[in-house]
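The values are calculated or read from the model by the stated rules, or taken from the named source; none is laboratory data. Only a predicted model underlies this, so the values are computations on that prediction, with no experimental measurement involved. Quick reminder, even Gly has a Cβ in these numbers, built from the backbone with ideal geometry, and neighbours come from all protein chains shown.
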Amino acid sequence: MMCSKKNIAILGGGPASSTLAILLCRQGCKVVIFALPERLPILVGESLVPMIVPMLQDLGVEAEVATYSTYKPGACFTYNADEAFEFLFADTPSDLPSYSYNVPRVQFNATLLAAAQQLGTHLIVRKVQLQKTEDMGRITLDTESIQAAAGCWDGDEPDLIVDAAGRANLIGKLLNIPMQKGPRQDVALFAHVDQTKLVNPGYVHNDRIDQGWCWRIPLPGRVSFGFVVPEAYALQHGETPEQQYDQLLKTDSVLKRLAPDAQRVTPVFRFNNYQSISDKLCGENWVMLGDAGGFVDPVFSSGLLIAMDSAYKLADTVLQNKPLAVYEEIAKRHLNAWFEIVGFYYNGRLMGSIKAGRTMPDNIFTRCLLAWVSAHVSRVFSGAAASYPFSLKLLRYLVRYSLIGRDPDIYKIK
């Protein structure tokens, strides 16, 4: 069956955009990416989950990514000062990748964009102004953008416009599409520092702090150090992102212990960590991809996985001539699954369940049981749980029934 949407305009130059462009160009589609140069020296989303590794291999970029990244063999979650959960990806089921990478995002984005261009994607450096049409199911590009892309498509205009420009949510704002908010409305403050304490020089580290949680992501020559905290709590520590970050680093009991000698080597950046998902992800000639359609939470490093996996799903939808509603259903199901998993972290039930398993009597039955359970729970930390219905069902069972007689609030994120 011939693909009916061969001429594609993608807004934004991030990983989701480039991944989609690579997959479509391989099949003969004519793709134009409209994007401006990256303004920020660092970007959030630096720790890749193992499920991204097969995508990097398929896209032909893993070898290059490995040259400037930190090898990531596992993760460490610390929920109280003396309670830590270390997790090696090599211990996961054999169908899952046994490693991943911590990546400088600006270089990572550039690698993927260059790979897309090598396959024939046209990059036009400009900001597109989207416009409504009389047919409310359709949108169009502004005249100047269409002129800038002259000769790139078979006709004057694209068959499909993809909003992959992140949480700017360009199409959603144009068409006034509501966004459903999640229960957490936090802010994230992050910077790169010269050093922190690390359990393992490659692990992504997650620690519960006095209010909220923090990440430590080892990168070549530095550590990405970010705090996700309630907005009101951040405002108690200063007016600017720098004031809030530096004051939290001095006063939070956990942060002081993790990074007593840390010196910032970048400015501090702040973004609203608002959990959200768009009511609608597609129309007659448009579709939202990645953060443009929904943002979950950085706690399990799922953002890039969701974005790049969605690019694969959208490419399949376009190339197989399936209705865009098929992609929308899959993307929403994936987002909602991650919302649920993240909720188990914030309410303390996930870490409480892990603690319950670790305190079970040691005998041959419990060892076999825990090995089987761990094989499924490990999919959370490798990025696969949301795509495996049985693993997600088992996780729901565990967080409900393994905590009988236990108080999950001691692991709750304030």
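On inspection, K5 does not qualify as closer than 30 Å to Y411 by Cβ and touching a strand residue (DSSP E or B) at 6+ places or on another chain (Cβ under 9 Å).
Mind checking which residues of segment 259-277 are crowded, with 16+ Cβ neighbours inside 10 Å, in a loop (DSSP other than H, G, I, E, B) and of a type in the set (V, I, T)? Selection gives V268 alone. Restricting segment 233-253 to residues that are closer than 23 Å to E83 by Cβ and of a type in the set (A, V, I, L, M), the residue that is surrounded by the fewest Cβ atoms within 10 Å (Cβ to Cβ) is L249. Screening segment 283-329 for residues that are outside any helix (DSSP H, G or I) and acidic (D, E) and picking the one that is nearest to K5 (Cα to Cα) gives E284. Just wondering, is there one or more residues in segment 27-46 that are of a type in the set (A, V, I, L, M), at pLDDT 95 or above and more than 13 Å from L113 (Cα to Cα)? No; the residues of segment 27-46 include none that is of a type in the set (A, V, I, L, M), at pLDDT 95 or above and more than 13 Å from L113 (Cα to Cα). When the residues of segment 283-310 are filtered to those that are in contact with a strand residue (DSSP E or B) (Cβ under 8 Å, 6 or more places away or on another chain) and polar (S, T, N, Q), the one that is surrounded by the fewest Cβ atoms within 10 Å (Cβ to Cβ) is N285. A single entry from M351, M360 fulfils the requirement of being surrounded by fewer than 19 Cβ atoms within 10 Å (Cβ to Cβ), modelled with pLDDT under 95 and of a type in the set (A, V, I, L, M): M360. Consider segment 100-139 and keep the residues that are under 18 Å from G45 (Cβ atoms) and among the polar types (S, T, N, Q). The one that is surrounded by the fewest Cβ atoms within 10 Å (Cβ to Cβ) is Q107.
Could you say which residue among K256, K332, K280 is surrounded by fewer than 19 Cβ atoms within 10 Å (Cβ to Cβ), assigned to a helix (DSSP H, G or I) and in contact (Cβ under 8 Å) with a residue 40 or more places away in the chain?
Of the residues listed, the single one that is surrounded by fewer than 19 Cβ atoms within 10 Å (Cβ to Cβ), assigned to a helix (DSSP H, G or I) and in contact (Cβ under 8 Å) with a residue 40 or more places away in the chain is K332.
Would it be correct to say that R167 is among the charged types (D, E, K, R) and not in a helix (DSSP H, G or I)?
No: the conditions fail for R167.
This table checks each residue for (1) under 30 Å from N200 (Cα atoms); (2) assigned to a helix (DSSP H, G or I); (3) modelled with pLDDT under 95.
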| position | (1), (2), (3) |
| --- | --- |
| D95 | yes, no, yes |
| S98 | yes, no, yes |
| Y101 | yes, no, no |
| F108 | yes, yes, no |
| N176 | no, no, yes |
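When segment 62-78 is filtered for residues that are among the aromatic types (F, W, Y) and closer than 17 Å to L113 by Cβ, only Y68 remains. For S224, the criteria (1) surrounded by 21 or more Cβ atoms within 10 Å (Cβ to Cβ); (2) of a type in the set (S, T, N, Q); (3) in contact with a Cys (Cβ under 8 Å, 6 or more places away or on another chain) hold in every case but one, which is (3). For segment 140-163, the count of residues that are under 23 Å from the mean Cα position of the chain (by Cα), among the aromatic types (F, W, Y) and surrounded by 14 or more Cβ atoms within 10 Å (Cβ to Cβ) is zero.
In this structure, is S224 within 17 Å of the chain's Cα centre (by Cα), under 27 Å from I306 (Cα atoms), modelled with pLDDT of 95 or more and of a type in the set (S, T, Y)? The answer is yes for S224. Determine whether segment 35-55 contains at least one residue that is within 23 Å of A148 (Cα to Cα), among the small types (G, A, S) and touching a Leu at 6+ places or on another chain (Cβ under 6 Å). Scanning segment 35-55 turns up no residue that is within 23 Å of A148 (Cα to Cα), among the small types (G, A, S) and touching a Leu at 6+ places or on another chain (Cβ under 6 Å). Checked against the criteria, A148 does not count as within 28 Å of E231 (Cα to Cα), assigned by TED's automatic domain parsing to the domain that holds Q27 and not basic (K, R). Considering only residues of segment 70-91 that are hydroxyl-bearing (S, T, Y) and crowded, with 21+ Cβ neighbours inside 10 Å, which is modelled with the lowest pLDDT? By that ranking, first place goes to Y79.
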